[in-house]
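A.B. asks: Sending over a structure as structure tokens; questions will come in a sec.
The values are calculated or read from the model by the stated rules, or taken from the named source; none is laboratory data. Quick caveat: nothing in here was measured; it's all calculated off a predicted structure. Using ideal geometry, Cβ is built from the backbone for each residue, glycine included, and neighbour counts are taken over all protein chains shown. Accessible surface is based on the protein model in full, side chains and every heavy atom, while ligands, DNA and RNA are left aside. Shrake-Rupley method; radii C 1.70, N 1.55, O 1.52, S 1.80 Å.
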Amino acid sequence: MISFEQAQRAIETNSPRLKKRIIKTQDALGFVLAENVFAPINLPVDDNSAMDGYVLSSRETRNARPGKPLIFKIRGDIKAGDPQTRTLKTQETCRIMTGALIPRGADTVIPKETAIVRDNNCLVIDRFIPSGNHIRYKGEEVRKGSLVLAKGFLMHSATIGILAMLGKDKVTVFDKPKVSLITTGNELASPGVALRPGQIYDSNSLMIQSALENAGIHPLKTCRVKDNAKLLKRSIGMALKESDVLILMGGVSVGKYDYVKDVLKETGVKTVFWKVNQKPGKPLYFGKRGETLIFGLPGNPASVFTCFYEYVFPALRRMSGFRHPYLHREVAEIRAEVKPDQQKIVFLKAKTTVARNKKKVMPLGRQGSHMISSLQDANCFVVIPPSLRTVKKGQKVWIDLLPIGNGAL
Ligand code: AMP
Ligand code: MG
């Protein structure tokens, strides 16, 4: 049996990066950037005003005093979008709007709120105005040719905004993996139908389908198969033809009717590992056929959930091009004593909060691997390695943050 770290590493070394493709910026949400983006222009494009106000030459204000004001003639308006055609003459000013280009002969702006205007056409200056006030200089935010966005990061609202600001209507991203889901079990019934004796509702299919959607991946297919080797073989064969990743749930343990591993073997899938020294999710299976990854998640819902986020999710993110594919790990003070397993790594469903400027974490109730009903409050796992002998209240522990949860709401 291998360790959590060995399992993660084995998956990482077997996860290929997918192909790159060029898409429209407007369609890039949720993709990962596959190119370094260098600025094709300066930002700001040209020197412009940061305020609505009056634009003038600082040097011409050097003799102005409260008791000895100077008068500047107001020579009309400069609006945002006007080309720079103006040249100010001695003791001239213009009304200037936010974002409008600075005219030649001017180098400073007086905000409208502090300007003294007389007769609607004269600006009274009663003090020295330093050069550069309220001016946004060409290239001060981004120099033409400099690196603005780095490969390997998610395209979100802000990065799409940045591409637009640079005038880029296309962007190179990594493809997203094509994923199929197969749930196994004779006992499973769809939510909405009455349970027959012995049946339970299939929660895993919708849970993992939603986890994929949440990660920006629309599964190709979700199907449910009885514990029947022949039927299973047909479903697996079909799914393998068109998927980059196949996720199987249930039927991967040591039960007489757990056919998944045997059928995968018959279908030509090579086992990379089976069983990880962990709780929940010990019988986790990982295999490969060609470039396709196959995960077999033990069917208990909390095992499925934990194995998905600790193993499948990082693999999908790595394939999608993420530079940092794993759950973000932090340290927090645990609010309750926990008994470590000392044999295997344990993942506890938990909620982290900040209290009195300290990051805290509270393990939730109902930790059994067949239980997910306490997950409404969860936003992380507490990770207890087998090396820990005790975990006392107030002790620092690792937490792996989940990309779900209600946060502070
Ligand atoms: P298995 O991994 O198939 O041995 O299943 C382990 C436990 O998880 C059994 O109690 C199953 O009934 C349960 N289980 C399996 N698949 C699902 C599912 N899709 N939804 C809810 N529980 C499941
Ligand atoms: Mg089963």
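A.B. asks: Give or take rounding to whole Å, what are the principal axis extents of the alpha carbon atoms in segment 226-383, in descending order?
C.D. replies: Computed over segment 226-383, the largest-to-smallest principal extents equal 57, 37, 28 Å.
A.B. asks: Name the shape class, rounded, prolate or oblate, that the alpha-carbon gyration tensor gives for segment 253-313, where a ≥ b ≥ c are the square roots of its eigenvalues, rounded holds for a/c under 1.5, and otherwise prolate holds if a/b is larger than b/c and oblate otherwise.
C.D. replies: oblate
A.B. asks: In addition: Computed FRET efficiency, Cβ-Cβ of ASP341 and ALA158, R0 60 Å: what is it to the nearest 0.05?
C.D. replies: Details: r = 42 Å, r/R0 = 0.69.
After rounding to 0.05, the efficiency reads 0.90.
A.B. asks: Could you sort the peptides 302-313, 43-54, 60-71 by per-residue average Cβ neighbour count (10 Å cutoff), highest mean leading?
C.D. replies: Details: 302-313: 24.8, 43-54: 19.0, 60-71: 13.2.
The most tightly packed comes first, giving 302-313, 43-54, 60-71.
A.B. asks: Over all distinct alpha-carbon pairs, what is the Kirkwood Rh of the chain in angstrom?
C.D. replies: Working: mean 1/r = 0.0388 Å⁻¹.
Kirkwood hydrodynamic radius for the chain: 25.8 Å.
A.B. asks: Can you give the convex hull volume per residue for the Cα atoms of segment 1-52, as a whole number of Å³?
C.D. replies: Measuring per residue, one finds 195 Å³ for the Cα hull of segment 1-52.
A.B. asks: Right, next: Would you mind checking LYS144/LYS359; LYS282/LYS358; LYS288/LYS344; LYS221/LYS351 for any pair whose Cα atoms are more than 29 angstrom apart?
C.D. replies: On the way: LYS144/LYS359 41 Å; LYS282/LYS358 33 Å; LYS288/LYS344 25 Å; LYS221/LYS351 32 Å.
Too far apart for the 29 Å limit: LYS144/LYS359; LYS282/LYS358; LYS221/LYS351.
A.B. asks: Based only on Cα atoms, what mean projected area does the convex hull of segment 301-409 have, in nm²? Provide the component values of the computation, followed by the final result.
C.D. replies: Details: hull surface 29.6 nm².
For segment 301-409, the mean projected area of the Cα convex hull comes to 7.4 nm².
A.B. asks: Over the Cα atoms of segment 171-274, Rg to Rh with Kirkwood Rh, two decimal places? List each step's numbers first, then the result.
C.D. replies: Numbers: Rg = 14.8 Å, Rh = 14.8 Å.
My calculation puts Rg/Rh at 1.00.
A.B. asks: For segment 158-164, what does the Karplus curve 6.51 cos²θ - 1.76 cosθ + 1.60, with θ = phi - 60°, yield as ³J(HN,Hα) per residue in whole Hz, taken in order and with x for Gly and Pro?
C.D. replies: In residue order, the calculated couplings are 5, 5, 5, x, 5, 4, 4 Hz.
A.B. asks: Moving on to the next point. Would you kindly state how much longer the chain becomes between ARG234 and GLN199 on full extension, computed as 0.36 nm times their sequence separation minus their alpha carbon distance, in nm to one decimal?
C.D. replies: Details: separation 35, 0.36 × 35 = 12.60 nm, distance 2.38 nm.
Answer, rounded to one decimal: 10.2 nm.
A.B. asks: Between ALA80 and residues 5 or more places away or on another chain, which pairs have amide H atoms under 5 Å apart, with H built 1.01 Å from N, and which residues are they?
C.D. replies: Those lying under 5 Å, H to H, from ALA80 are MET97, ALA100.
A.B. asks: Follow-up. Mind listing the phi-derived Karplus ³J(HN,Hα) values for segment 225-241, rounded to whole Hz, using 6.51, -1.76 and 1.60 with θ = phi - 60°, and x for any glycine or proline?
C.D. replies: The phi angles translate into 10, 6, 6, 9, 4, 5, 5, 4, 4, 5, 5, 5, x, 5, 5, 5, 4 Hz.
A.B. asks: Given that compact globular proteins tend to follow 2.2 N^0.38 Å, what is the ratio of the alpha-carbon Rg of segment 46-114 to that value? Write out the running numbers ahead of the final one.
C.D. replies: On the way: Rg = 11.6 Å, N = 69, 2.2 N^0.38 = 11.0 Å.
Compared with the compact-globule rule of thumb, segment 46-114 sits at 1.05.
A.B. asks: Right, something else. What's the extension gain from ASN186 to LEU401 if we count 0.36 nm per residue and subtract their Cα-Cα distance?
C.D. replies: Working: separation 215, 0.36 × 215 = 77.40 nm, distance 3.39 nm.
Going from the current span to full extension adds 74.0 nm.
A.B. asks: Oh, and also: Taking the Cα centre of the chain as origin, work out the dipole magnitude from +1 charges on Lys and Arg Cβ and -1 charges on Asp and Glu Cβ, in debye rounded to 20.
C.D. replies: Numbers: 64 positive and 36 negative charges, 147 e Å.
That gives a dipole near 700 debye.
A.B. asks: Another one. Which distance in nm do the two modelled labels at ARG59 and THR353 give, with both placed 7 Å along the Cα-to-Cβ direction?
C.D. replies: Distance between label points: 6.3 nm.
A.B. asks: Which of ASN120, ASN300, ASN186 moves most in a GNM of the chain, Cα contacts under 10 Å?
C.D. replies: ASN120
A.B. asks: By how many degrees, 0 to 90 and rounded to 10, does the Cα axis of helix 204-214 deviate from the longest principal axis of the chain?
C.D. replies: On a 0 to 90 degree scale, this one is about 20.
A.B. asks: May I ask for the angle, rounded to the nearest 10°, between helix 4-14 and the longest principal axis of the chain, with both axes built from Cα atoms and the value confined to 0 to 90°?
C.D. replies: 70
A.B. asks: Here's a follow-up. Starting from the Cα of TYR137, step 7 Å along the direction of its Cβ; do the same at GLU330; then give the gap between the two resulting points in nm.
C.D. replies: Result for the modelled spin labels: 3.8 nm.
A.B. asks: Tell me the net charge near HIS134. Cut-off is 12 Å between Cβ atoms, HIS134 excluded, with +1 for each Lys or Arg and -1 for each Asp or Glu.
C.D. replies: On the way: positive: LYS112, ARG136; negative: ASP47, ASP52, ASP107, GLU113.
Here the count lands on -2.
A.B. asks: Can you check what the net charge comes to around PHE153, using other residues whose Cβ is under 14 Å from the Cβ of PHE153 (Lys, Arg +1; Asp, Glu -1)? Don't skip to the answer; put the middle values down first.
C.D. replies: Values: positive: LYS151, ARG317, ARG318, ARG323; negative: GLU35.
Cβ neighbours under 14 Å give a net charge of +3.
A.B. asks: Which shape class applies to segment 205-244: rounded if a/c is under 1.5, otherwise prolate when a/b exceeds b/c and oblate if not, where a ≥ b ≥ c are the square roots of the Cα gyration tensor eigenvalues? Mind dumping the intermediate values first?
C.D. replies: Details: a/c = 4.34, a/b = 1.71, b/c = 2.53.
Because a/c hits 1.5 or more and a/b fails to exceed b/c, segment 205-244 counts as oblate.
A.B. asks: Given THR98, SER243, SER369, which one lies farthest toward the positive end of the charge dipole of the chain, if we put +1 on the Cβ of every Lys and Arg and -1 on the Cβ of every Asp and Glu?
C.D. replies: In the chain, that residue is SER369.
A.B. asks: What Rg and what Dmax come out for segment 67-214 when only alpha-carbon atoms are used, in angstroms?
C.D. replies: Reported Rg and Dmax, both Å: 30.9, 97.
A.B. asks: Report the extension gain between ASN120 and SER210 in nm, rounded to one decimal, defined as 0.36 nm multiplied by the number of residues separating them, less their alpha carbon distance.
C.D. replies: Working: separation 90, 0.36 × 90 = 32.40 nm, distance 6.30 nm.
Gain in length upon complete extension: 26.1 nm.
A.B. asks: Of the heavy-atom accessible surface of the chain (probe 1.4 angstrom), what whole percent is carbon and sulfur? Before the final figure, lay out each step's value.
C.D. replies: Values: 10810 of 21000 Å².
Carbon-and-sulfur percentage of accessible area, whole number: 51.
A.B. asks: Given a cut-off of 11 Å, what percent of all Cα-Cα pairs of segment 328-374 lie beyond it? Walk me through the intermediate numbers first.
C.D. replies: Working: 786 of 1081 pairs.
Of all Cα-Cα pairs in segment 328-374, 73 percent lie more than 11 Å apart.
A.B. asks: Less than 10 Å Cβ to Cβ from SER303, Lys/Arg counted +1 and Asp/Glu -1: what total charge do the surrounding residues give? It would help to have the intermediate numbers written out before the result.
C.D. replies: Numbers: positive: LYS279, LYS282; negative: none.
Its environment carries a net charge of +2.
A.B. asks: Hey, can you rank 190-199, 390-399 by average C-beta count inside 10 Å, highest first?
C.D. replies: Output ranking for 190-199, 390-399: 390-399, 190-199.
A.B. asks: Something else: With θ taken as phi - 60° and the coefficients 6.51, -1.76 and 1.60, list the Karplus ³J(HN,Hα) couplings across segment 16-21 in order, rounded to whole Hz; mark glycine and proline as x.
C.D. replies: Per-residue couplings from phi come out as x, 6, 7, 5, 9, 8 Hz.
A.B. asks: Given the alpha-carbon gyration tensor of segment 1-118, what are the semi-axes of its equivalent ellipsoid in whole angstrom, ordered largest first, with each equal to the square root of 5 times an eigenvalue?
C.D. replies: Values: eigenvalues 639, 62, 27 Å².
Computed over segment 1-118, the values are 57, 18, 12 Å.
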